[in-house]
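Student: I am attaching a structure below and will ask some questions about it afterwards.
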Amino acid sequence: MVEPANTVGIPLNHTALLKDELDIVIPTIRNLDFLEMWRPFLQPYHLIIVQDGDPSKTIAVPEGFDYELYNRNDINRILGPKASCISFKDSACRCFGYMVSKKKYIFTIDDDCFVAKDPSGKAVNALEQHIKNLLCPSSPFFFNTLYDPYREGADFVRGYPFSLREGVSTAVSHGLWLNIPDYDAPTQLVKPKERNTRYVDAVMTIPKGTLFPMCGMNLAFDRDLIGPAMYFGLMGDGQPIGRYDDMWAGWCVKVICDHLGLGVKTGLPYIYHSKASNPFVNLKKEYKGIFWQEDIIPFFQSAKLSKEAVTVQQCYLELSKLVKEKLSPIDPYFDKLADAMVTWIEAWDELNPATKA
Amino acid sequence: MSLDHEINKNEVDIVIGALNADLTPFLDTWRPFFTGFHLIIVKDPELKEEELNIPQGFDVDVYSKTDMEKVVGSSDTTAMFSGYSCRYFGYLVSKKKYIVSIDDDCVPAKDPKGFLVDAVSQHVDNLERPATPLFFNTLYDPYREGADFVRGYPFSLRSGVPCAASCGLWLNLADLDAPTQALKTEQRNTSYVDAVMTVPLKAMLPISGINIAFNRELVGPALVPALRIAGEGRVRWETLEDVWCGMCLKHIVDHLGYGVKTGLPYVWRNERGDAVESLKKKWEGMKLMEKSVPFFESLKLPESAVTVEDCVVELAKAVREQLGSDDHAFTQAADAMVKWVQLWSSVNSSG
């Protein structure tokens with residue numbers, strides 16, 4: 001079976017790439033003990049901790065980490081009425097961290113994710129791999145059968161058009177998980193013992209026009225390129241659905257990236273996911289989503305943005321209009337969600353005036 | 001490597017295009033994995049040597065130029081089936097459901113545990129399990145043991161669609177083009193990526209003929225031996241026939257609602273030829289590919305094209321109309337595609 005890496009004794013990475021250009025956003029409701037294991041790889045970076053749940057609770061942050069922490073009171077204070085777009089009692093609240101960050105890049109990770117081992121037994125520096133993924137181009141217009149052509153030891157295969165070999169900017173790096181895989185509740189119920197032990201040594205670009213289920217457990221993105229589209233929706237307390245936050249963001253992000261000519265990568269790095277959430281609790285959260293998804297997917301697959309939509313905010317606002325028009329008939333929730341999408345953009349622009357259209 | 005179920009060997013033909021006369025080293029190394037299967041070996045009609053050297057112990061039918069001429073007529077033989085394209089003759093005359101085709105300069109690869117990879121079984125396994133082109137699964141092949149569909153994958157799409165083709169990969173000498181290999185003379189592919197995945201709907205890719213398998217019953221006529229570049233040679237760096245074939249195949253597969261997989265199995269591709277030498281030849285392939293891409297990107301086959309043969313004919317028409325004036329090679333390709341469909345019908349109607 002697969003085990004997490006032991007990172008004791010790994011020296012602190014003093015030449016950490018993009019140290020001053022990247023924030024690590026972590027949603028939490030319990031504690032941040034998991035950071036101890038990540039110390040050699042993550043300590044050089046600034047953390048933005050979004051504390052969900054009871055704001056009167058104190059979250060202990062391990063010594064030596066540079067961080068800012070926001071609880072619900074802070075979110076309400078900073079956003080005022082616009083705070084309604086930020087979920088409560090759901091890790092979707094993490095997107096508040098994206099909004100308040102002043103950095104170019106974001107890495108977000110769940111507090112039950114530990115350092116994985118590669119097949120040689122070496123501890124995987126997930127952040128370093130994400131940075132590599134973001135800093136080198138994507139190739140969404142033509143699939144390369146040897147996966148990431150820019151990787152050491154790889155290249156474009158015979159037949160790959162030369163005019164497409166420069167690639168496009170990478171907006172998102174989607175990492176994977178060993179041990180507890182990211183399954184939905186029904187699959188968890190049917191296969192409670194299944195563990196992901198397969199280390200697939202590849203990074204690849206998801207082709208233009210193709211949708212995927214994005215997971216927020218181990219994710220990095222270029223905030224300048226796609227930040228405003230990373231809204232994790234209305235989930236948790238008072239909402240009819242949960243565990244669709246990251247996927248909702250992922251579908252919006254992919255449609256917008258495809259429209260703007262940006263790339264989305266998936267594959268390495270792996271983290272070790274240690275905690276399996278309760279499948280019965282999950283089923284209750286996901287239940288409506290399982291049915292709604294059947295309409296949501298065709299919606300995103302056919303969503304067309306106008307030529308005039310040239311910034312992420314413009315794209316996102318157009319998308320919110322389409323959501324209101326096409327998905328509200330399914331459930332009033334989507335009407336609320338469409339409004340929240342607009343509120344999110346307004347809040348984003350208020351907190352990030354430099355990036356306004 | 002163990003697979004979840006036994007393959008029915010009677011449903012498979014292994015088709016080898018012989019560009020080398022001495023197939024002994026090739027067949028001896030593949031013996032553990034070819035035993036029990038029927039082999040079709042097609043001799044390159046332009047190969048000088050009279051006889052192929054084939055070791056004992058294989059169930060094999062060999063086709064040479066004379067056999068080919070009986071079926072297709074002499075002028076068509078060298079035109080359509082010379083060089084690497086000789087293997088298509090094997091696809092034409094096969095009577096089996098699945099074809100596995102491997103270049104004669106490849107041997108079994110070793111997986112990271114040191115075990116030899118049974119490429120034949122892996123290909124057939126890929127073909128027998130559904131493909132999932134309509135939505136990308138981030139854990140790759142969801143039907144593989146130890147994997148599944150991830151959270152967020154629509155339930156209505158989890159039965160998948162029939163898999164039409166399985167594109168394998170290569171360790172050691174990867175299928176790079178001449179400029180790339182010439183620039184990186186020492187580069188060898190040592191990365192064993194343990195995944196099979198479906199290439200999404202509408203995504204284009206370069207399908208290599210070096211290590212490929214397909215469901216002949218489903219899409220046989222769509223594998224077209226059509227595009228010949230001027231000065232096409234006997235090393236892969238000097239051909240594009242498989243890449244063109246693959247572009248057509250993927251488009252037709254997408255249109256008909258089937259899938260194409262890529263990834264495992266790996267084969268070990270031996271050193272052969274000289275990329276720098278190949279570069280010296282005037283290489284038309286690059287130009288032709290550049291022209292093909294926008295064509296395939298915007299191509300829409302008519303709704304009325306519901307059989308594979310219809311699709312090939314419609315595709316040929318579009319090629320002639322939209323690309324014919326750009327380069328004579330395209331007109332020839334279109335003609336070859338039509339001829340191929342006619343051949344396919346006549347050879348397979350009596351079978």
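Student: Is one or more of the residues making up the stretch A:323-338 part of a helix (DSSP H, G or I), basic (Lys, Arg) and closer than 30 Å to A:GLU194 by Cβ? Give the derivation first.
Tutor: Let us first name the residues in the stretch A:323-338 that are part of a helix (DSSP H, G or I), namely A:323-326, A:332-338.
Those left that are additionally basic (Lys, Arg): A:324, A:326, A:336.
After this cut, where a residue has to be closer than 30 Å to A:GLU194 by Cβ as well, the list is none.
The answer is no, given that none of the residues of the stretch A:323-338 is part of a helix (DSSP H, G or I), basic (Lys, Arg) and closer than 30 Å to A:GLU194 by Cβ.
Student: One residue is enough: does the stretch B:262-276 have a residue meeting the conditions surrounded by fewer than 17 Cβ atoms within 10 Å (Cβ to Cβ), closer than 24 Å to B:HIS123 by Cα and among the small types (Gly, Ala, Ser)? First the steps, then the outcome.
Tutor: Just the residues of the stretch B:262-276 that are surrounded by fewer than 17 Cβ atoms within 10 Å (Cβ to Cβ), to begin with: B:270-272, B:274, B:276.
With closer than 24 Å to B:HIS123 by Cα added as a condition, the list becomes B:270-271.
Of the ones still in play, those that are also among the small types (Gly, Ala, Ser) are none.
Looking through the stretch B:262-276, none of the residues is surrounded by fewer than 17 Cβ atoms within 10 Å (Cβ to Cβ), closer than 24 Å to B:HIS123 by Cα and among the small types (Gly, Ala, Ser).
Student: Tell me whether the stretch A:339-357 contains one or more residues that are free of Cβ contacts under 8 Å to residues at least 60 places away in the same chain and under 13 Å from A:CYS252 (Cα atoms).
Tutor: no
Student: Output the residues belonging to the stretch B:137-158 that are touching a residue at least 60 places away in the same chain (Cβ under 8 Å) and within 7 Å of another protein chain (Cβ to nearest Cβ). Explain how you work it out, then say what you get.
Tutor: As a first pass, look at the stretch B:137-158 and keep what is touching a residue at least 60 places away in the same chain (Cβ under 8 Å): B:137, B:140-141, B:145.
Answer for the stretch B:137-158, where residues must be touching a residue at least 60 places away in the same chain (Cβ under 8 Å) and within 7 Å of another protein chain (Cβ to nearest Cβ): just B:TYR140.
Student: Name the single residue that is nearest to the chain's Cα centre (by Cα) among those in the stretch A:216-230 being within 13 Å of chain B (Cβ to nearest Cβ) and in a strand (DSSP E or B).
Tutor: A:LEU219
Student: Another question about this same structure. Against the definition (within 14 Å of chain B (Cβ to nearest Cβ), touching a helix residue (DSSP H, G or I) at 6+ places or on another chain (Cβ under 7 Å) and crowded, with 19+ Cβ neighbours inside 10 Å), how does A:VAL172 come out, yes or no? Talk me through it step by step, then tell me what you get.
Tutor: On the way: within 14 Å of chain B (Cβ to nearest Cβ): yes; touching a helix residue (DSSP H, G or I) at 6+ places or on another chain (Cβ under 7 Å): yes; crowded, with 19+ Cβ neighbours inside 10 Å: yes.
Yes.
Student: While we're here: Being in a strand (DSSP E or B) and in contact (Cβ under 8 Å) with a residue 40 or more places away in the chain is the filter; apply it to the stretch A:47-98 and report the residue that is farthest from A:LEU351 (Cα to Cα).
Tutor: We begin by selecting, within the stretch A:47-98, every residue in a strand (DSSP E or B); these are A:47-51, A:66-70, A:88.
Okay, now just the ones that are also in contact (Cβ under 8 Å) with a residue 40 or more places away in the chain, so A:48-50, A:88.
Working: A:ILE48: 15, A:ILE49: 17, A:VAL50: 16, A:PHE88: 20 Å.
Ranking the candidates gives A:PHE88 first.
Student: Assuming A:GLY250 fulfils every condition listed in (1) farther than 27 Å from B:LYS202 by Cβ; (2) buried (at least 24 other Cβ atoms within 10 Å of the Cβ); (3) within 11 Å of chain B (Cβ to nearest Cβ); (4) within 14 Å of the chain's Cα centre (by Cα) apart from one, which condition is it?
Tutor: Evaluating A:GLY250 over (1) farther than 27 Å from B:LYS202 by Cβ; (2) buried (at least 24 other Cβ atoms within 10 Å of the Cβ); (3) within 11 Å of chain B (Cβ to nearest Cβ); (4) within 14 Å of the chain's Cα centre (by Cα) leaves (1) as the failure.
Student: Any chance you could count how many residues in the stretch B:229-263 are part of a loop (DSSP other than H, G, I, E, B) and out of contact with any Ser or Thr (no Cβ under 8 Å at 6 or more places or on another chain)?
Tutor: At the first step, the residues of the stretch B:229-263 found to be part of a loop (DSSP other than H, G, I, E, B) are B:229-235, B:239-240, B:257-258.
With out of contact with any Ser or Thr (no Cβ under 8 Å at 6 or more places or on another chain) added as a condition, the list becomes B:230-231, B:234, B:239-240, B:257-258.
The qualifying residues number 7.
Student: Also, I was wondering about something else. Can you name every residue in the stretch A:187-210 that is in a loop (DSSP other than H, G, I, E, B), over 15 Å from A:VAL255 (Cβ atoms), touching a residue at least 24 places away in the same chain (Cβ under 8 Å) and not aromatic (Phe, Trp, Tyr)? Spell out the reasoning first.
Tutor: Pass one, the stretch A:187-210, residues in a loop (DSSP other than H, G, I, E, B): A:191-195, A:197-202, A:206-210.
From what's left, over 15 Å from A:VAL255 (Cβ atoms): A:191-195, A:197-202.
Applying the additional criterion that residues be touching a residue at least 24 places away in the same chain (Cβ under 8 Å) yields A:192, A:195, A:197, A:199-202.
Result: A:PRO192, A:ARG195, A:THR197, A:VAL200, A:ASP201, A:ALA202.
Student: Given the conditions (1) in contact with a Ser or Thr (Cβ under 9 Å, 6 or more places away or on another chain); (2) in a strand (DSSP E or B), report the number of the one that A:PRO213 does not fulfil.
Tutor: (2)
Student: Working carefully through the options A:THR266, A:THR210, find the one that is within 13 Å of chain B (Cβ to nearest Cβ), of a type in the set (Ser, Thr, Tyr) and in contact with a His (Cβ under 7 Å, 6 or more places away or on another chain). Spell out how you get there, then give the answer.
Tutor: Values: A:THR210 fails: in contact with a His (Cβ under 7 Å, 6 or more places away or on another chain).
The match here is A:THR266.
Student: Hey, among the residues in the stretch B:181-200 that are touching a helix residue (DSSP H, G or I) at 6+ places or on another chain (Cβ under 8 Å) and crowded, with 21+ Cβ neighbours inside 10 Å, which one's modelled with the lowest pLDDT? Before the answer, list the steps.
Tutor: If we filter the stretch B:181-200 for residues that are touching a helix residue (DSSP H, G or I) at 6+ places or on another chain (Cβ under 8 Å), which is where we start, we get B:181-182, B:185, B:187, B:196, B:199.
Checking which are crowded, with 21+ Cβ neighbours inside 10 Å leaves us with B:181, B:196, B:199.
Working: B:GLN181: 90, B:VAL196: 98, B:VAL199: 98.
Across the stretch B:181-200, the extreme among qualifying residues is B:GLN181.
Student: Follow-up. Anything in the stretch B:181-216 that is in contact (Cβ under 8 Å) with a residue 60 or more places away in the chain and facing chain A (nearest Cβ under 9 Å)? List them, or say none. Spell out how you get there, then give the answer.
Tutor: Quick first cut of the stretch B:181-216, residues in contact (Cβ under 8 Å) with a residue 60 or more places away in the chain only: B:181-182, B:185, B:192-201, B:204, B:209-216.
Selection gives B:GLN181, B:TYR192, B:VAL193, B:ASP194, B:ALA195, B:MET197, B:VAL199, B:PRO200, B:LEU201, B:MET204.
Student: Quick one: in the stretch B:225-262, which of the residues that are in contact with a Phe, Trp or Tyr (Cβ under 6 Å, 6 or more places away or on another chain) and facing chain A (nearest Cβ under 9 Å) is nearest to B:ARG144 (Cα to Cα)?
Tutor: Only one residue tops the list, namely B:MET247.
Results for (1) more than 14 Å from chain B (Cβ to nearest Cβ); (2) free of Cβ contacts under 8 Å to residues at least 24 places away in the same chain; (3) assigned to a strand (DSSP E or B), shown as yes or no for each residue.
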| residue | (1), (2), (3) |
| --- | --- |
| A:PHE107 | yes, no, yes |
| A:ASP111 | yes, no, no |
| A:GLN129 | yes, no, no |
| A:PHE141 | no, no, no |
| A:LEU146 | no, yes, no |
| A:ARG151 | no, no, no |
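Student: For the stretch A:153-168, name all the residues that are more than 9 Å from every other protein chain (Cβ to nearest Cβ) and of a type in the set (D, E, K, R).
Tutor: At the first step, the residues of the stretch A:153-168 found to be more than 9 Å from every other protein chain (Cβ to nearest Cβ) are A:165-168.
Passing the criteria: A:ARG165, A:GLU166.
Student: What about A:GLU294, is it crowded, with 19+ Cβ neighbours inside 10 Å and at pLDDT below 95?
Tutor: Details: crowded, with 19+ Cβ neighbours inside 10 Å: no; at pLDDT below 95: yes.
The answer is no for A:GLU294.
Student: Right, next: Does the stretch B:328-344 contain any residue that is part of a loop (DSSP other than H, G, I, E, B) and in contact with a helix residue (DSSP H, G or I) (Cβ under 7 Å, 6 or more places away or on another chain)?
Tutor: If we filter the stretch B:328-344 for residues that are part of a loop (DSSP other than H, G, I, E, B), which is where we start, we get none.
No.
Every residue, every condition in (1) closer than 30 Å to B:VAL338 by Cα; (2) aromatic (Phe, Trp, Tyr), yes or no:
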site	(1), (2)
B:PHE33	no, yes
B:LEU52	no, no
B:PRO55	no, no
B:TYR63	yes, yes
B:GLY73	yes, no
B:ASP76	yes, no
B:SER82	yes, no
B:TYR88	yes, yes
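Student: Run B:GLY285 past the list (1) surrounded by fewer than 22 Cβ atoms within 10 Å (Cβ to Cβ); (2) at pLDDT below 95; (3) within 12 Å of chain A (Cβ to nearest Cβ) and report the number of the one that doesn't hold.
Tutor: Among (1) surrounded by fewer than 22 Cβ atoms within 10 Å (Cβ to Cβ); (2) at pLDDT below 95; (3) within 12 Å of chain A (Cβ to nearest Cβ), B:GLY285 violates only (1).
Student: Right, something else. Among the residues of the stretch B:146-164, is there at least one that is under 17 Å from the mean Cα position of the chain (by Cα) and more than 26 Å from B:ALA305 (Cβ to Cβ)?
Tutor: The answer is no; no qualifying residue exists.
Student: Next question. Could you tell me which residue of the stretch A:180-193 is farthest from A:GLY216 (Cα to Cα), considering only residues that are at the interface with chain B (Cβ under 7 Å from one of its Cβ atoms) and crowded, with 16+ Cβ neighbours inside 10 Å? So that I can check it myself, show each step before the final result.
Tutor: First, the residues of the stretch A:180-193 that are at the interface with chain B (Cβ under 7 Å from one of its Cβ atoms): A:181-184, A:187, A:191.
Filter once more, so that each one left must be crowded, with 16+ Cβ neighbours inside 10 Å: A:181-184, A:187.
On the way: A:PRO181: 13, A:ASP182: 10, A:TYR183: 13, A:ASP184: 14, A:THR187: 19 Å.
Of everything passing the filter in the stretch A:180-193, A:THR187 is farthest from A:GLY216 (Cα to Cα).
Student: For residues in the stretch A:231-257 being in contact with a Lys or Arg (Cβ under 8 Å, 6 or more places away or on another chain), of a type outside the set (Lys, Arg) and part of a loop (DSSP other than H, G, I, E, B), which is farthest from A:CYS95 (Cα to Cα)?
Tutor: Top of the filtered list is A:PRO240.
Student: Also, quick follow-up: Determine, yes or no, whether B:LYS48 is surrounded by fewer than 22 Cβ atoms within 10 Å (Cβ to Cβ), charged (D, E, K, R) and either at negative phi or within 23 Å of the chain's Cα centre (by Cα) (or both). Steps first, please.
Tutor: Numbers: surrounded by fewer than 22 Cβ atoms within 10 Å (Cβ to Cβ): yes; charged (D, E, K, R): yes; either at negative phi or within 23 Å of the chain's Cα centre (by Cα) (or both): yes.
So B:LYS48 fits the description; yes.
Student: Okay, next question. Taking B:ALA164, is it over 25 Å from B:VAL117 (Cα atoms), more than 7 Å from every other protein chain (Cβ to nearest Cβ) and of a type outside the set (Phe, Trp, Tyr)? First the steps, then the outcome.
Tutor: Working: over 25 Å from B:VAL117 (Cα atoms): no; more than 7 Å from every other protein chain (Cβ to nearest Cβ): yes; of a type outside the set (Phe, Trp, Tyr): yes.
No.
The values are calculated or read from the model by the stated rules, or taken from the named source; none is laboratory data. Quick caveat: nothing in here was measured; it's all calculated off a predicted structure. Cβ sites come from the backbone with ideal geometry, for glycine too, and all protein chains shown count toward neighbours.
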